[in-house]
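S.K.: Take a look at the following structure, please.
Throughout, read-outs are computed from the coordinates displayed, never taken from laboratory work. From a predicted model like this one, the values you see are computed outputs, not experimental measurements. No Cβ is skipped: glycine too gets one built from the backbone with ideal geometry, and neighbour counts run over all protein chains shown.
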Amino acid sequence: MPTEKTIFGRTDLSVSRLGFGAAPVGLLGTPQDEIDAVVALLLDHGVNFFDTAACYAGSEVALGKALQGHRDDAVLVTKCGHRLDSDAHDHAEFSPELIATSIDRSLERLGTDHLDVVLLHTCDFDTLKKGDALGALVKAREQGKTRFVGFSGDNEPVAWAAAHPEVAVVEMSVNIVDQHNIDVALPVCRKHDVGVIAKRPVANACWKPRDKQPGMYKDYSSNYTARLKAMGVTPGQLGYSGHVEVEWPEIALKFTLAQAGVHTAICGTTSPDHTEMNLQAVAKNPLREQVVATLRDAFKQARQASGEAWPGLT
């Protein structure tokens, strides 16, 4: 069954509700043939949304190779702004010069003459509001190097960005244990018809023991694991059979996609088996409203009891 698609905010892009996040592709050193297999599987099921970044070592090159011959089938997103260890220049982070150089490099690495979306990659709030970095993206759009521009981040900065007239797309954390953006940013996105990419929809598999987490996820999962424990919710309590390893990923992904204003949820996996699970999850009926409400309430109560803000994790 082809993956469901939706119109991406006020852009003219039609995007799959399930997307592919390519951070693990580079950061875990995945062999190219394994990447090719996952991307081919996604394309076969109608998934057309692919997200990467200049600072995900090797990810752009690997994704570009995997999509060779399929550029017209893909909505291609990258992010920029950070200095890389390999940079042979002295441009400051998020400077117009660095952003221009980064976009040109991304085009070369991805093997394309244009990008569909380029996002500022989680710059600090002051830099975002100053406008020079965003202005560099607008210039790249005017030059035909990207169709749309936006911001990747969380909390008040992403809410601010969503209200900016030049921002057509934002990316933020939205999942069962990372719900701050649901209240702070998604209402702004809906008001301005901004395309929303939800990152970490399966919450870095925070139900797993930390010693079973890949290295790149250990730091993120520690906060998420603590939050899930504080929430005190299990699949069994949500009406499922209690098979944690199978049911939590489905519940988590469908919870993210149930949030009004989220257009696509990017899952970062290099496993064909996990890819199949994600495809099957989005093909099923949406998460029951009562389950969504229970998870929302559990988060709010646990956050209040903790005495902490539990902001979106960047």
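S.K.: Could you order the peptides 127-137, 31-41 from most to least packed, using the average number of other C-beta atoms within 10 Å per residue? Could you put the intermediate results ahead of the total?
M.R.: Working: 127-137: 18.5, 31-41: 15.7.
In decreasing order of mean packing, 127-137, 31-41 become 127-137, 31-41.
S.K.: Related question: Relative to the longest principal Cα axis of the chain, at what angle does helix 272-283 sit, 0 to 90 degrees, rounded to 10?
M.R.: Around 70 degrees separate the two axes.
S.K.: How far, in nm, would the chain grow between K139 and D104 when pulled straight, counting 0.36 nm per residue and subtracting the alpha carbon separation?
M.R.: Numbers: separation 35, 0.36 × 35 = 12.60 nm, distance 1.26 nm.
So the chain would gain 11.3 nm between K139 and D104.
S.K.: Cα-based Rg (one decimal) and Dmax (whole number) for the chain, in Å?
M.R.: Over the chain's Cα set, Rg and Dmax evaluate to 18.5, 56 Å.
S.K.: What size of dipole, in debye to the nearest 20, comes out for the chain about its Cα centre when the only charges are +1 on Lys and Arg C-beta atoms and -1 on Asp and Glu C-beta atoms?
M.R.: On the way: 31 positive and 40 negative charges, 179 e Å.
Dipole size: approximately 860 debye.
S.K.: For the range 264-314, what are the per-bin percents of Cα-Cα distances with bins 10 Å wide, up to the bin holding the maximum?
M.R.: Histogram of Cα-Cα distances, whole percents per bin: 19, 31, 35, 15, 0.
S.K.: Can you compute the helix-only [θ] at 222 nm over the chain? Use -39500 (n - 2.57) per DSSP H run of at least 4 residues, normalise by all residues, nearest 500 deg cm²/dmol. The partial results should precede the final answer.
M.R.: Numbers: 13 runs with 136 residues, N = 314.
One gets -13000 deg cm²/dmol as the mean residue ellipticity at 222 nm.
S.K.: Mind putting a number on the dipole of the range 1-158 about its Cα centre? Charges go on the C-beta only, +1 for Lys and Arg and -1 for Asp and Glu, and I need it in Debye to the nearest 20.
M.R.: 380 debye
S.K.: Can you give the FRET efficiency to the nearest 0.05 for D44 and E289, using r as the Cβ-Cβ distance and R₀ = 41 Å?
M.R.: Rounded to the nearest 0.05, the efficiency is 0.80.
S.K.: With a ≥ b ≥ c taken as the square roots of the eigenvalues of the C-alpha gyration tensor of the range 129-245, please select rounded if a/c is under 1.5 and otherwise prolate if a/b is larger than b/c or oblate if it is not? Kindly include the intermediate steps, with their values, before the conclusion.
M.R.: Details: a/c = 2.82, a/b = 2.15, b/c = 1.31.
Prolate is the answer for the range 129-245, as a/c is 1.5 or above and a/b outweighs b/c.
S.K.: Test of understanding: extend the Cα→C-beta vector of H274 to 7 Å, then name every residue of the range 134-177 with backbone N under 20 Å from that spot.
M.R.: 172-177
S.K.: Separate question: How big is D for the range 1-97, in µm² s⁻¹ as a whole number, if Stokes-Einstein is applied with the Kirkwood radius of its Cα pairs at 37 °C and 0.692 mPa s?
M.R.: Numbers: Rh = 14.6 Å.
Answer, rounded: 225 µm²/s.
S.K.: Place +1 on the Cβ of every Lys and Arg and -1 on the Cβ of every Asp and Glu in the range 5-306, take the dipole about the Cα centre, and give the residue among Q179, G69, G232 whose Cα lies farthest towards its positive end.
M.R.: G232
S.K.: How about the range 269-314: which GluC sites (Glu not before Pro) there lie in a loop by DSSP and see at most 14 other Cβ atoms within 10 Å?
M.R.: Sparse-neighbourhood loop GluC sites (Glu not before Pro): E308.
S.K.: Percent antiparallel among DSSP beta bridges with both residues in the chain, to the nearest 5? Let's see the in-between values first.
M.R.: Values: 4 of 32 bridges.
Looking only at bridges with both residues in the chain, the antiparallel portion is about 10 percent.
S.K.: Further question: Between the range 113-136 and the range 192-208, how far is it from one alpha carbon centroid to the other, in angstrom?
M.R.: Distance between centres, Cα-based: 20 Å.
S.K.: 7 Å from Cα along Cα→Cβ at both K129 and H91: what's the point-to-point distance in nm?
M.R.: The modelled label-to-label distance comes out at 2.6 nm.
S.K.: Excluding residues on the same chain fewer than 8 positions from K5, give the lysines whose Cα lies under 25 Å from its Cα.
M.R.: Of all the lysines, those that pass the test against K5 - Cα under 25 Å, at least 8 places apart if same chain - are K65, K79, K145, K191, K199, K254, K284.
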